[in-house]
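Just below is one structure, and these are the notes that go with it.
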Amino acid sequence: MAQSFEELYCWQQARELTNLIYTLTKKSTFRDFSLKDQICRAVVSIVSNIAEGFERGSKDEFLYFLYIAKGSCGEVRAQLYIAIDQGFITKEDFEKTLEKCKQVSGLLYKFIQGFKSEGYSGLRHKKTPEQIEKLTRS
């Protein structure tokens, strides 16, 4: 049973994506400071919105923030294409990071669908540990 957002697999994977993006943007070949700022803010938005939604404690608010996180994931993907097109990152780095981004987006999609199909109403409305565990492992 997840007691904190840090226990959520989607948050853990989003954190890994964040570290990948920060590693890429620290390279001297990433010369566009505006793009660097934007992609970093977008990737931080993913982990931040998962955390904020979880902490809000209600299903509707959590879903709202999960959708924002998923949207930010799409933004990061689009910016990765700009970075490869402009020669700021290697094809290998692009493919690795794009794959992680797609994984995070897929995890968020599954997590959202699980919430929508289950009778989960949020941490404010207690469920059994088994019900919560099922939702956090989707």
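The values are calculated or read from the model by the stated rules, or taken from the named source; none is laboratory data. Please read these numbers as outputs of a predicted model, since none were measured by experiment. Neighbour counts are summed over all protein chains in view; Cβ atoms, including those assigned to glycine, are modelled from backbone coordinates with ideal geometry. Side chains are part of the model used for accessible areas, which takes the heavy atoms of the whole protein and leaves out ligands, DNA and RNA. Shrake-Rupley method; radii C 1.70, N 1.55, O 1.52, S 1.80 Å.
Couple of notes before you dig in:
- Residue within region 115-130 that is farther than 15 Å from residue 11 by Cβ, in a helix (DSSP H, G or I) and at pLDDT 95 or above present: no
- Checked against (1) open to solvent by 50 Å² or more (accessible area, probe 1.4 Å); (2) over 13 Å from residue 18 (Cβ atoms); (3) under 16 Å from the mean Cα position of the chain (by Cα), residue 112 passes all but a single condition, namely (1).
- Of note, residue 42 does not satisfy the criterion of being among the small types (Gly, Ala, Ser) and either at positive phi or in contact with a Leu (Cβ under 8 Å, 6 or more places away or on another chain) (or both).
- Qualifying residue in region 70-80 (condition: surrounded by fewer than 20 Cβ atoms within 10 Å (Cβ to Cβ), assigned to a helix (DSSP H, G or I) and touching an Asp or Glu at 6+ places or on another chain (Cβ under 9 Å)): no
- For the condition in a loop (DSSP other than H, G, I, E, B) and among the basic types (Lys, Arg), residue 15 does not qualify.
- Scanning region 25-45 for residues that are aliphatic (A, V, I, L, M) and either part of a loop (DSSP other than H, G, I, E, B) or open to solvent by 10 Å² or more (accessible area, probe 1.4 Å) (or both) yields 35, 44.
- Filtered residues of region 7-24 (kept if in contact (Cβ under 8 Å) with a residue 40 or more places away in the chain and open to solvent by 60 Å² or more (accessible area, probe 1.4 Å)): 7, 9, 16
- Test: residue 85 is at pLDDT 95 or above, buried (at least 18 other Cβ atoms within 10 Å of the Cβ) and over 15 Å from the mean Cα position of the chain (by Cα): no
- Residue 91 more than 26 Å from residue 115 (Cβ to Cβ), open to solvent by 60 Å² or more (accessible area, probe 1.4 Å) and out of contact with any strand residue (DSSP E or B) (no Cβ under 8 Å at 6 or more places or on another chain): yes
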